[in-house]
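Have a look at the structure below, then the notes.
The values are calculated or read from the model by the stated rules, or taken from the named source; none is laboratory data. Bear in mind that the values here come from a model prediction, so they are computed numbers and not experimental data. Don't worry about glycine lacking a Cβ; one is built from the backbone with ideal geometry, like all the others, and counts go over all protein chains shown. Ligands, DNA and RNA are stripped out before the accessible areas are found, and what is left, the full protein with its side chains, is counted by its heavy atoms. Shrake-Rupley method; radii C 1.70, N 1.55, O 1.52, S 1.80 Å.
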Amino acid sequence: MRYRENPIPFILGFILKENSTNSVKEDLLYNQFCDELLNGAWKDFIIRRPVFARLVITIIKTWSQNISEFLNRLVLDLDEINIKFNKGEQAGKISNLETFLSDRHNGGRTVMRATFESGLQLIYKPRSLKIDKAWETFLSNLKIKGIDIGVHTPVLIDKGDYGWVEAIDNISLKDPKDAQTFYFRSGMLLCLAYILGSNDLHEENVIAYGANPAIIDLETIIKAEVKPFDYDEGKNHIIINDISYRFWTKSVINTMLLPVWLPVNQQLLRDYGGLTPSDNVFTTAKSSYNCPHYQGKIANVKDYTDKVEEGFKYAYEFFLYNRKEILEDKSFFEVFKNCEFRLLARNSQVYGDILQHICSPSFLYDGAKFSSGVEGLCSAFLRHATLKRLPLLLYNGKSGLGLFFSALFYKTHIEKYRKLAKGCFQDFLAMINKDSLRGTLRHLSLGYASGICGCIHSLILSSHFLESPEIKNAAFEMASMITEESIEKDEVLDVISGACGSILTMLYCMEEFSDKSFIEIAKKCGEHLLKKRIIFKDKKLWPAHFATQPLAGFGHGSSGYAYALLKLYPKTSKKDFMEAAIIALSYENELYSIKNLNWPDFRKHSEKKNDVQFMGGWCSGAPGIGLSRLFGLDCLDNEQIRKDINNAIDFSINCPISYDMPDHICCGICSRIELLLEAGNRLNKPKLIEEAIHLSSIIIRRAKEKGHYTFSGDTSGAVFSPGLFSGTAGVGYTLLRLLDYKNIPSVLMPV
């Protein structure tokens, strides 16, 4: 318990274990360590282990800030606390304060338990109690509808960002027969939890408050169902055969109220179920707060399973009978509107394993090694678990990761990268070979980065890197799925998600497979784009669904449309394509800002302070526009095109790099590296390649200093972003291209 009140010795304790043996007792080791610290040894530890020093400083800082925050809030709310919890009487000073009663979140904040001189005990929660209030209202509404679940809800004060809650203790049953009532109510609670999708009601989150069960952590009382893919489960044999997945996610077992056997170590399993005693046998009441007791003896659930079943059946029949009425009453579930529930992206054990691993002594000497340890573990977890839930897309999904691993195998010839790449493409191969699953692919958009065409492009490139005819054949089958009907339904239009991106992939497929039918599909896409233009300032251009005027830029804007139509024109000789491209280029060049060395981004943005903003990436901004002009030189080459290329190069070289500027290839620094690399190669200017290498050295050095690469949406490194366009895989692919740009083509420009 001393570690909960003061965690620093716990963090420091493992250091002495580097050279210890199993024969040394922990207490002796701890005392020896404390003596050495007091004699000045801490200085040597700090100097030798800078990562350790940072962790200690961070913990001390957050601990002191959070204690100070707690005390300030207590002083502010004390009068309200006295009225709400202590009948208006003064609670007095705090006589005891228990901290670290929960996992640390939001800057190290934890749940605390305060005991006052008057005997009043309160739970302090450093988060909104909106869920708790909604839960109380929800149960009251159920009672009005005709069913009393019998769950105890505590008195509370919700202050918005934090709150105070009545301390709920495991109190004795008034009569031994009340155990039957408790387990009947627990059965009803089990049914309700099953309906709501609750998944965290283990022994630490349930308290037996006499004959009433109580839940002390409601952050996962409602859980959204997240499916790996949009499959027809009635026909999808891959999902049906995954019995463990379906059993866990679709069963009452997932609530964790029933027995949940998890490993304590390699030899021992333990039941963490919300209704079972902590040691799975008859035990003292003190060690199993989730179980009812009478005169010190546990009323074990194994003797009341019939009551749990009765309660579940009673509630199930009630909800079944009243289902229509409850679902039609919109206000019934609106009590939870705007409540923030917690969704565990990974099993909690994974985070615990990561923390334990990277806090071992070998990781505390060097910040870069500490960071690589985190990324390495995330990658391992990605391979074995998260990969199943990633989308198929090139932008941030399996096809993008598969392409990166394929290129990595091509350069290293390390077999594990081939296996990882093929693992990313397994679902594609399964879907191609099963008619019942091909429909899933047809639901994807036509686009390049976020549609089926990006998947096709990835498969073709990867088939070369891996020398895999099977993967190449899958690409051909997928490309053959694009029909006139799917083109007509396209409303997005742009490179990222629409028919514009499909043109580029179809042209690539025509060259790769020597099949002229793909030209016809590309032509249909081009004609579709011409029909979808609007008149804006006397020019026929393409609308943007998230802006008030047509956009500049490659991913969503005019240079993307112009580039696709320029590439299509020589294959079809249709002048309308060339004319439309020239109009788009003319419009875009009118928007160029000499002051900003860039083209504006007109997309709506909640944080945009001015009417016009500028981005420096592939999707929007100079790098993407420069790449489109550069790759289109074989179709259109004039003074203005060359000027655009030079402007984009000037931006990529001269734009300053802020500390939190993202690294990725979509709208980050790697898009600038890609432009400089291609410009140096295609224009025969080696100095530009040197500039690209220089930029790459900056992001690598910055990543070592910060302990992680930087991506949009999270600059702290707390979220692992594996995607090709938006994350780590794209940075890796760009670095591989710097090593071999002649054989590893740019993923930013399909043709």
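Annotations
- Filtering the stretch 459-477 to residues that are open to solvent by 60 Å² or more (accessible area, probe 1.4 Å) and either touching a strand residue (DSSP E or B) at 6+ places or on another chain (Cβ under 6 Å) or not charged (D, E, K, R) (or both) leaves 464, 469, 473, 476.
- Subset of the stretch 544-574 (residues that are of a type outside the set (A, V, I, L, M, F, W, C) and assigned to a helix (DSSP H, G or I)): 558, 559, 560, 561, 563, 567, 569, 570, 571, 572
- Against the criterion of being assigned to a helix (DSSP H, G or I) and modelled with pLDDT under 90, residue 690 does not qualify.
- Looking only at residues of the stretch 323-338 that are open to solvent by 80 Å² or more (accessible area, probe 1.4 Å) and part of a helix (DSSP H, G or I), we find that the one that is nearest to residue 160 (Cα to Cα) is 334.
The rows are residues; the columns are (1) more than 23 Å from residue 299 (Cβ to Cβ); (2) of a type outside the set (Gly, Ala, Ser); (3) open to solvent by 20 Å² or more (accessible area, probe 1.4 Å); (4) in a helix (DSSP H, G or I).
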residue: 132; (1), (2), (3), (4): yes, yes, no, yes
residue: 138; (1), (2), (3), (4): yes, yes, no, yes
residue: 184; (1), (2), (3), (4): no, yes, yes, yes
residue: 192; (1), (2), (3), (4): no, yes, no, yes
residue: 204; (1), (2), (3), (4): no, yes, yes, yes
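To keep it simple, each residue is scored yes or no on (1) within 26 Å of the chain's Cα centre (by Cα); (2) open to solvent by 40 Å² or more (accessible area, probe 1.4 Å).
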residue	(1), (2)
671	yes, no
680	no, no
694	no, yes
707	yes, no
710	yes, no
742	no, yes
745	no, yes
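- All told, residue 480 falls short of being touching a Pro at 6+ places or on another chain (Cβ under 8 Å), surrounded by fewer than 23 Cβ atoms within 10 Å (Cβ to Cβ) and free of Cβ contacts under 8 Å to residues at least 40 places away in the same chain.
- Between 85, 52, the distinction of being in contact (Cβ under 8 Å) with a residue 60 or more places away in the chain and touching an Asp or Glu at 6+ places or on another chain (Cβ under 8 Å) belongs to 85 only.
- Tally of residues being out of contact with any Gly (no Cβ under 7 Å at 6 or more places or on another chain) and either modelled with pLDDT under 90 or open to solvent by 100 Å² or more (accessible area, probe 1.4 Å) (or both) across the stretch 275-293: 12
- All conditions in (1) within 27 Å of the chain's Cα centre (by Cα); (2) among the small types (Gly, Ala, Ser); (3) closer than 21 Å to residue 725 by Cβ hold for residue 430, with the sole exception of (3).
- Odd one out for residue 670 among (1) in a helix (DSSP H, G or I); (2) without any contact (Cβ under 8 Å) to a residue 60 or more places away in the chain: (2)
- Looking only at the stretch 140-158, residues that are assigned to a loop (DSSP other than H, G, I, E, B) and either under 29 Å from the mean Cα position of the chain (by Cα) or acidic (Asp, Glu) (or both) come to 1 in all.
- Scanning the stretch 159-168 for residues that are more than 15 Å from residue 182 (Cβ to Cβ) and either in a loop (DSSP other than H, G, I, E, B) or among the polar types (S, T, N, Q) (or both) yields 159, 160, 161, 162, 167.
- Restricting 436, 458, 399 to those that are at pLDDT below 90, assigned to a helix (DSSP H, G or I) and among the hydroxyl-bearing types (Ser, Thr, Tyr) reduces the list to 436.
- Any chance residue 700 is farther than 17 Å from residue 555 by Cβ, surrounded by fewer than 23 Cβ atoms within 10 Å (Cβ to Cβ) and without any contact (Cβ under 8 Å) to a residue 60 or more places away in the chain: yes
- Flag if residue 199 is within 33 Å of the chain's Cα centre (by Cα) and either among the hydrophobic types (A, V, I, L, M, F, W, C) or open to solvent by 20 Å² or more (accessible area, probe 1.4 Å) (or both): yes
- Qualifying position, being closer than 20 Å to residue 736 by Cβ, open to solvent by 10 Å² or more (accessible area, probe 1.4 Å) and aromatic (Phe, Trp, Tyr), among 602, 631: 631
- Screening residue 429 with (1) within 16 Å of residue 397 (Cβ to Cβ); (2) in a loop (DSSP other than H, G, I, E, B); (3) open to solvent by 10 Å² or more (accessible area, probe 1.4 Å) gives one miss only, at (2).
- Scope the stretch 514-529; condition part of a helix (DSSP H, G or I) and either of a type in the set (D, E, K, R) or open to solvent by less than 40 Å² (accessible area, probe 1.4 Å) (or both); matching residues: 518, 519, 520, 521, 522, 523, 524, 525, 526, 527, 528, 529
- Residue in the stretch 719-740 that is over 22 Å from residue 451 (Cα atoms), within 23 Å of the chain's Cα centre (by Cα) and exposed (fewer than 15 other Cβ atoms within 10 Å of the Cβ) present: yes
- Qualifying positions in the stretch 530-543 - open to solvent by 50 Å² or more (accessible area, probe 1.4 Å) and in a strand (DSSP E or B): 534, 535, 540
- Listing of strands (runs of 3 or more DSSP E) fully contained in the stretch 31-128 that carry 2 or more residues being open to solvent by less than 50 Å² (accessible area, probe 1.4 Å): 112-116, 121-125
- Flag if residue 680 is touching a strand residue (DSSP E or B) at 6+ places or on another chain (Cβ under 7 Å) and at pLDDT 85 or above: no
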